[in-house]
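Nothing in this text is a laboratory measurement; each read-out follows from the coordinates by a stated rule. Everything numeric here is computed off the predicted structure, so don't read it as measured data. FYI the Cβ positions are ideal-geometry reconstructions off the backbone, even for glycines, and counts take in every protein chain you see.
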Amino acid sequence: MQKILVARPIFPDVIDRLKQYFDVDWNQGDVLPADALKQRLADKDGALSAGDPIDGSVLAAAPRLRVVSNMAVGYNNFDMAAFNASNVLGTNTPDVLNESTADFGWALMMAAARRIAESEHWLRAGKWGKWSYDGFLGGDLYGSTLGVIGMGRIGQALARRARGFNMQVIYHNRSRVAPEIEADLNAHYVSKEELLRRADHVVLVLPYTKDSHHTIGAAELALMKPSATLTNIARGGIVDDAALAEALRTKQIAAAGLDVFEGEPSVNPALLTVPNVVLTPHIASATEATRRAMANLAADNLIAALGEGPRAGNPPNPINADVMGRARQ
Ligand code: GLV
């Protein structure tokens, strides 16, 4: 039997599925530090990870490894140049999380705009003495302008929901999406600068790469309206969190909703001191059904990539399909 490492705790029934095909080494404890990960991978043919950094040094320590299946759509934890150089396949879990993640983007955006977390903390602190006409005034979503940066599958799912709120949708992306998608979403392509100037609510849904590092920093925040909100459901590092904390403190923008952070699970302490930000611990895809679908898809990818199961040799979501069938380097 081929040997695999499941680097994270996941649903036990998914482990049972994997055990039908593989000798499974399952880490049920904390995230494995690099040295422990290398040690556990030394004799493995495949691995299932969820955000664990896999670079050239990890691959070099795992000479038999042929596939790493990421239980996430984003795979910025994979050094794809190293994967390609070693002929190791990477896979991810797109699509199954689109709708849950788009729902969550709306939840954060609405919570930020309508000051839900901030007012809830105030209520819990026993400060609610009387009704006041100007208590926790926020910004409207209905009829406002939504700015989506990153118009991929999740960005489109998010934009589609704007119709019910009668919002104008503007977007920025590396390239324009097909005209029929623009028409379906009633979305208009604009430059990043124009989007930041015009949008009432900016949502980030783009992958993290070295090019998207600090897509939003001090200069970009300065372009936004003082009444605007910023929501990040993409990846930490796309926003300069220190610059954002400062823009929130000085009310340069009204509010933010953040599910992802630079250096998470650490959170920039300055963000913890500003009231006008809603903070959640990277849970945008976290519904029971979606996390199950992601875990099962990650297992499907691993099983098929290692030549087992009904799709043997044909994993559903190869990232670098070119390396398939090539000898491990
Ligand atoms: C979650 O962040 C994912 O990339 O799936």
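Just a few scattered comments:
- Across the range 185-329, the fraction of Cα-Cα pairs farther apart than 24 Å, rounded to a whole number, is 47%.
- The range 125-188: mean projected area of Cα convex hull, nm²: 6.4 nm²
- Across the chain the C-alpha pair distances fall into 20 Å bins from zero in the proportions 30, 51, 18, 1 percent.
- Inter-site label distance for ALA81 and ASP25 at 7 Å from Cα along Cβ, in nm: 2.9 nm
- All Cα-Cα separations within the range 1-106 were binned at 5 Å from zero, giving a P(r) of 2, 12, 22, 24, 19, 11, 6, 3, 0, 0, each value a whole percent of the pairs.
- Furthest towards positive pole of dipole, VAL239, TYR133, PRO179, structure part the range 98-279, Cβ charges: TYR133
- Estimated from the Cβ-Cβ distance and a Förster radius of 45 angstrom, the FRET efficiency linking ASP211 and PHE11 is about 0.85.
- Degrees separating the helix 288-305 axis from the principal Cα axis of the chain, which is the longest one: 30 degrees
- Packing, taken as the mean count of other beta carbons within 10 Å per residue, orders the peptides 100-113, 55-68, 173-186 from highest to lowest as 100-113, 55-68, 173-186.
- The stretch between THR250 and GLU120, if pulled fully straight at 0.36 nm per residue, gains 44.6 nm over its current Cα-Cα span.
- Separation in nanometres of the label points that stand 7 Å from Cα toward Cβ, at GLN329 and SER227: 5.6 nm
- Between ILE283 and ASN314, the contour length at 0.36 nm per residue exceeds the alpha carbon distance by 8.2 nm.
- For a straight C-alpha distance cut-off of 18 angstrom, the aspartates and glutamates reachable from LYS192 (same-chain residues fewer than eight places away being disregarded) are GLU182, ASP200, ASP211, GLU220, ASP240.
- Projecting the Cα atoms of PRO53, ASN84, GLY150 onto the charge dipole of the chain (Cβ charges, centred on the Cα centre) puts GLY150 farthest toward the positive pole.
- Measuring r between the beta carbons of ALA321 and ARG174 and using R0 = 30 Å, the FRET efficiency lands at 0.90.
- In nm, spacing of pseudo-spin labels at PHE136 and ALA183 (7 Å Cα→C-beta vector): 4.3 nm
- Per-residue [θ]222 nm for the chain (sum of -39500 (n - 2.57) over DSSP H runs n ≥ 4, rounded to 500): -9500 deg cm²/dmol
- Gap separating the Cα centres of the range 218-240 and the range 55-92, nearest whole Å: 31 Å
- Amide hydrogen proximity for ALA228: with H placed 1.01 Å from N in the peptide plane, the residues at 5 or more positions away or on another chain lying under 5 Å are ALA254.
- When the alpha carbon coordinates of the range 98-279 are projected onto the principal axes, the ranges are 53, 35, 29 Å, largest first.
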